[in-house]
Amino acid sequence: MQSLNRFRCLSPASLCFRWLASRGSCRKLFIGGLSYDTNETILKDAFGQYGEIIEAVKVICDHVSGKSKGYGFVQFTSEDDAHIALKEMDGQSLDGRNIRVTYAHKG
């Protein structure tokens, strides 16, 4: 019961961060609100200034039309770099749109 009480004292943000850390998702960011003109090169250039990116930056596109769905993912080699990128880029303008940046998680 003591461990349960200990977790009740933690903030929801702290619990979320611990959950994400345990799943290994603290290096991968979800980027929403992208302009339909934003491509993977633009996304990589914008986020690459915050650290080394692993895997291909991915803008999600419709399978039929090939057009962007307005969101994508960036994965960093370091949790610290991902955290800094999230803090610096969330709410910023990219290609004329204010983007939303959160930690990605499997749903």
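Of the strands (runs of 3 or more DSSP E) entirely within the stretch 22-107, those holding at least 2 residues that are more than 10 Å from the chain's Cα centre (by Cα) occupy 53-61, 68-76.
Restricting attention to the stretch 26-51, the residues being of a type in the set (Phe, Trp, Tyr) and either crowded, with 19+ Cβ neighbours inside 10 Å or in contact with a Leu (Cβ under 9 Å, 6 or more places away or on another chain) (or both) number 2.
Since every read-out is calculated from the coordinates, none of them should be taken as a lab result. Every value quoted in this text rests on a predicted model; they were computed, and no experiment measured them. Glycine also receives a Cβ, built like all others from the backbone with ideal geometry; neighbour counts cover every protein chain displayed.
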